[in-house]
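Q: Provided herewith is a single structure, encoded as structure tokens, for subsequent inquiry.
The values are calculated or read from the model by the stated rules, or taken from the named source; none is laboratory data. Predicted model, so just to flag it, every value in this text is computed and none were measured. No Cβ is skipped: glycine too gets one built from the backbone with ideal geometry, and neighbour counts run over all protein chains shown. To get the accessible areas, we keep the full protein, side chains included, count just its heavy atoms, and leave off ligands, DNA and RNA. Shrake-Rupley method; radii C 1.70, N 1.55, O 1.52, S 1.80 Å.
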Amino acid sequence: MTEGRQDVDVVIVGAGFAGLYMLHRVRELGLTARVLEAGGDVGGTWYWNRYPGARCDVESMQYSYQFSDELQQEWEWSERYASQPEILSYLNHVTDRFGLRPDIQFDTRVTDAVFDDATRRWTVRTESGDALSAQFVIMATGCLSAANTPDIAGASSFTGPTYHTGRWPHAKVDFTGQRVGVIGTGSSAVQSIPVIAQEARDLVVFQRTATYSVPAWNGPLDPSEQKEIKAHYAAFRAANSQSFSAIGGTLPMSERQALEVSAEERQAEYAARWKEGGLSFLGSFSDLLFDPKANDTAAGYVRERIREIVRDPRTAEILCPDQVIGCKRMCVDTEYYATFNRQNVRLVDLRETPIEAVTPTGITTTATHYELDAIIYATGFDAMTGALLRINICGRDGVSLREAWAAGPHSYLGLGVVGFPNLFTITGPGSPSVLTNMIVSIEQHVDWISRCVAYLRQNAYQCIEATEAAQSEWVEYVNAIAGVTLFPTCNSWYLGANVPGKPRVFMPCPGFPPYAEQCQQVADGGYVGFALSQ
Ligand code: N01
């Protein structure tokens, strides 16, 4: 051991779903590991996103680990869509059940990870100045963890409290009697606005881009339904993993195309999916994410529902999105649109009257000034690359990840990067990640990495690194798939378009089943596209 440094086989950054399972697996391999976590406890996304109404938009019976049958049999979910507190208590249960806590260091933010060409080991440094030396570094830093707060003129002059949905305080925030402003109308806003509206005196929603949202119809989970799924949980999981997004449902992805059926049939399909609720709405037809005309039929259906729900016609029109549905991540809500019928809720169309500045007492748009007691930034994340690039990761020959990714993230399978030996990224850019049930993608990556590390050890390899050729081919492949979809047609965080100056690159790889198959083939072939060295 180098003086002042702790030596371990593996450093894992992050103690969310990915980091916890990764720790469990590397310990099973008999390796020494340390998890470094910036938060005060486990949970990752579910530790930080404590805003009112926070819950998952993937159903509880699917949004959980499947690696342990005992675990999935013993845990009882209470609702169709689990709330943030319930998911956090699940993760605490997992942590304690598998005895993971002793290897996790909390309140520890990683600042640097530097590869030493001579020793072929990584040195990982933390904000408090600690250093660890490790053969492998595994980034379990999450795709949506680096909060994005826009740089609005005068923001720091506001005298009331400000919140970011992704950095919500642990103690309850009481908005009773207050005038509250929410900036943003993505998933976090869509979930929190209906809840905050019930408490606040006045709620002003500042919308730049209108959002498509489908009702969750959340409610208690029927114990008999839960029992039924548990009776054949493995088959249920396996079937779900075969869908495009690794998310199953009672209404699976249709094989029909929207324009090959009559208008009545289309309407009936959308109505059935709306009634069912949730993300399966986008599975109504197989071409919704490929054909703009097909897409417009689904978009039009949602706009009709908005106009039906929202009583004030002008407010309804502002709430009607005009981009491709599904281009930005669709939302799943409880009473989102109906909340705009409340007397205490106002909607501001920032396209018509943009924000000019935050003032000491509120927000000024080009039209007027809104007096506020609190401002909530529901402005999302520097997605997929943000958490990685906020750490100074330096690979071979002193080249940093920031330099390597200056023109956008380049990765092989979203798992490894040329120039960064023995560095793995769980659900990294170039993998299906955010387009899927994250837990399925996380488990697939963790299993792949564990198998890879075991293989290296068994065959006395010291290093693994993606090759330039394999990485370039993969980047082209992902671009080609994204290029035939409608995803690149709007300014989404999938493209990095929400962060000024971020290269516009479609980051996730659409389609879980073919991706998982390719990863399997790479491993079966002895890590094809990676260079292994002794
Ligand atoms: O963030 P977002 P989020 N001025 O980026 C607006 C997951 N998630 O935290 O669209 C004014 O979606 C921005 O406007 P625009 C889920 O994958 C899951 O809500 O850029 N507005 C947008 O309306 C989700 O997609 C759950 O024009 C500004 C909003 O802020 C992802 O996390 C729950 C602005 C940001 O929306 C991110 O969701 C919550 C500015 N300067 C989140 N800058 C589940 O259900 C940004 N905006 C599991």
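Q: Exactly one of (1) touching a Lys or Arg at 6+ places or on another chain (Cβ under 8 Å); (2) away from the ligand (no atom under 16 Å from the Cβ) is unmet by Tyr494. Its number?
A: (2)
Q: Condition check: in a strand (DSSP E or B) and either polar (S, T, N, Q) or open to solvent by 10 Å² or more (accessible area, probe 1.4 Å) (or both). Does Ala357 satisfy that?
A: yes
Q: List every residue pair whose Cβ atoms sit under 7 Å apart, with the two residues 6 or more apart in sequence or on different chains, where the first one lies in the range 94-116 and is within 30 Å of Arg402 (Cβ to Cβ) and the second, anywhere, is of a type in the set (Gly, Ala, Ser) and crowded, with 17+ Cβ neighbours inside 10 Å.
A: Asp103/Ala33; Ile104/Ala15; Phe106/Gly39; Thr108/Ala38; Arg109/Ala38; Phe115/Gly395
Q: Restricting to strands (runs of 3 or more DSSP E) lying wholly in the range 120-209: which have 2 or more residues that are without any contact (Cβ under 8 Å) to a residue 40 or more places away in the chain? Full working, then the answer.
A: Working: elements: 121-126, 131-139, 162-164, 179-183, 202-207.
Answer list for the range 120-209: 121-126.
Q: With the requirement that a residue be away from the ligand (no atom under 12 Å from the Cβ), surrounded by fewer than 22 Cβ atoms within 10 Å (Cβ to Cβ) and either closer than 30 Å to Asn437 by Cβ or not charged (D, E, K, R) (or both), what does the range 325-344 give you?
A: Scanning the range 325-344 gives Glu335, Ala338, Asn341, Gln343, Asn344.
Q: If you check Asp349, Asp322, which single one turns out to be touching a residue at least 40 places away in the same chain (Cβ under 8 Å) and loosely packed, with under 15 Cβ neighbours inside 10 Å?
A: Checking each option against the conditions leaves just Asp322.
Q: Moving to a separate point now. Output the residue which, of all residues in the range 53-76 that are away from the ligand (no atom under 13 Å from the Cβ) and of a type in the set (A, V, I, L, M), is surrounded by the most Cβ atoms within 10 Å (Cβ to Cβ).
A: Met61
Q: Kindly indicate the residue of the range 381-409 that is in contact with a strand residue (DSSP E or B) (Cβ under 7 Å, 6 or more places away or on another chain) and open to solvent by 40 Å² or more (accessible area, probe 1.4 Å) and also nearest to Arg329 (Cα to Cα) among those meeting that condition.
A: It comes out as Asn392.
Q: Here are some residues: Ala155, Ala200, Ala146. Which one is over 23 Å from the mean Cα position of the chain (by Cα), within 15 Å of the ligand (Cβ to nearest atom) and not hydroxyl-bearing (Ser, Thr, Tyr)?
A: Step by step, each of Ala155, Ala200, Ala146 is checked, and only Ala155 is over 23 Å from the mean Cα position of the chain (by Cα), within 15 Å of the ligand (Cβ to nearest atom) and not hydroxyl-bearing (Ser, Thr, Tyr).
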